[in-house]
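In what follows, a structure is listed as structure tokens, so that the remarks can point back to it.
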Amino acid sequence: MNPTRTARVATRQPVRHARDPDAIQLRLVGLRLAALMVALLSVLLLVLGAVAYVRTQDALLQPIRQAIQIRANGELRHVFDLSKEGGHEPLTEQEAAGVFITFVNRRMVVLGGSPSPFGNATPDRRAAEAAQDARVAIFSTRIHAGQQYMLYSKPVLHNGRAVGAVQTGMSEQQYRESLQALLQILLIVGGIGLVASGGITGLVVSRALLPIRQALRRQRDFVADAAHELRTPLTIMRSTAEVGLANGTEDEQQRAEQSLVQSNHLTHLVDDLSLLARADSGVLDLERSPLDLSRLTVETISGVEILAEEQGVRVEVDLPDELRMLGDAGRLRQLLLILLDNAVKYTPEGGDIEVSVERRRSRAQLRVHDSGPGIDAHDLPNLFDRFYQADRARGVAGSGLGLAIGRRIAEAHGGHLSAMNAPDGGAIFTISLPLA
């Protein structure tokens, strides 16, 4: 590849990414609170709507029941009179207030009645028979010509014996239309209420979380400012220690060497804090250029193998010939070093570290699998939190920022870093990155 062309392709640009864990967590908390409040209000509206619907249904049915009951009770004598005069002409009644009536004798012969949607037939023969057999009044419903009718069957008793029945009825069309209108009103009002409550709830939750957002912003600004301000005194301390190491007495050189070690440690810590502060603000500088992930992995491993050999740890590699992607070679190398250094620290002497890369559709998955004791279950959820150190009892030194930085680097490349325990023991860290 032409190096001049490669340099021309490489660009240094701020990469903005929205996957800020703190912001995402805060947003999720807000969404959960809003969803909970909307759900509670939905349940309240549903209960109130159901109660209003049932009460209105009873209120609308009551006048129909009363009307057909009154009509039936006022006409019972006609059945007894017509039953005694078997050859009498059928009695013709007028429909009163929309209530029709039918008179039948014990043998279910129609003795007369008002004009009925059911013609000359008994509207509900079974109900009329049941009312006479049981000597009780019965309410029933029948559908005829697409309309539903409420019916009331009342037996006519003489000396404790049923001699016939009166059956009155009334259309439920108006009742059904009223219920349908009520249901539409409830749905419209409920929908408007939910939309309004959702907007109000979102506004209230957003304002309630505003102080937390401001506190997080101040915290990030403080970290960024502190990291920036600490660079100058650390540089002076390191320069002074280097001068003392070169020109001082043996005792001064020993103290200068100790000071230089601590200064370097603080410098690395400040650099890590500065990187996290830039990532938290949503801007992380990346020098994007075409690279071969397999080759980058081999080069990074070669620098770690010496440290691994000193610890008595073997590093096994399984890589494809080439995996092209667009990314920042320096940041990706930093991410690999974090995982490899972590694996070497937790792998006992004589153990193995397996590094593999494979293509999965348009993404590459890089896995670092060590043969250490694995990760405790209570540590897994917090493993990528800054300053969190798992299994401190084992005395493994570190600042607790490495894995947090590694995840941010992976996310800045459009990827993801995750951890899990292997079934056969040890921990597995997986980096998923988009390929070119």
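Each reported figure results from applying straightforward, stated rules to the coordinates on display, with no laboratory input. Remember, predicted model here, so these are calculated numbers, not experimental data. Because the Cβ atoms are built from the backbone with ideal geometry, glycine has one as well, and the counts that use them run over all protein chains shown.
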Report task. Mind listing whichever residues of the range 105-128 are in a helix (DSSP H, G or I) and surrounded by fewer than 19 Cβ atoms within 10 Å (Cβ to Cβ)? Result -> R125, R126
Query raised in the report: Considering the range 109-127 alone, what residues qualify as being under 20 Å from R161 (Cβ atoms) and in contact with a Leu (Cβ under 9 Å, 6 or more places away or on another chain)?
Result: L111, A127
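The rows are residues; the columns are (1) free of Cβ contacts under 8 Å to residues at least 24 places away in the same chain; (2) in contact with a helix residue (DSSP H, G or I) (Cβ under 7 Å, 6 or more places away or on another chain); (3) farther than 30 Å from F100 by Cα.
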residue: R32; (1), (2), (3): yes, no, yes
residue: A39; (1), (2), (3): yes, no, yes
residue: V54; (1), (2), (3): yes, no, no
residue: Q66; (1), (2), (3): yes, no, no
residue: A72; (1), (2), (3): no, no, no
Requested in this report: Report yes if some residue within the range 168-182 is touching a strand residue (DSSP E or B) at 6+ places or on another chain (Cβ under 7 Å), more than 24 Å from V54 (Cα to Cα) and surrounded by 12 or more Cβ atoms within 10 Å (Cβ to Cβ); otherwise report no.
Outcome: yes
Query raised in the report: Applying the selection to the range 132-157, what residues are surrounded by 14 or more Cβ atoms within 10 Å (Cβ to Cβ), more than 57 Å from the chain's Cα centre (by Cα) and outside any strand (DSSP E or B)?
Result: Q132
Report summary line: Selection over the range 161-192 where residues are touching a residue at least 12 places away in the same chain (Cβ under 8 Å), not in a helix (DSSP H, G or I) and not hydrophobic (A, V, I, L, M, F, W, C) yields a count of 6
Query - Subset of the range 346-364 (residues that are over 33 Å from the mean Cα position of the chain (by Cα) and closer than 19 Å to S418 by Cβ) - result: Y346, I353, E354, V355, S356
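So if I check each of S356, S362, which one is without any contact (Cβ under 8 Å) to a residue 40 or more places away in the chain, over 15 Å from G406 (Cβ atoms), of a type in the set (G, A, S) and surrounded by fewer than 18 Cβ atoms within 10 Å (Cβ to Cβ)?
The conditions single out S356.
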Query - A343 being surrounded by 16 or more Cβ atoms within 10 Å (Cβ to Cβ) and closer than 22 Å to A412 by Cα - result: no
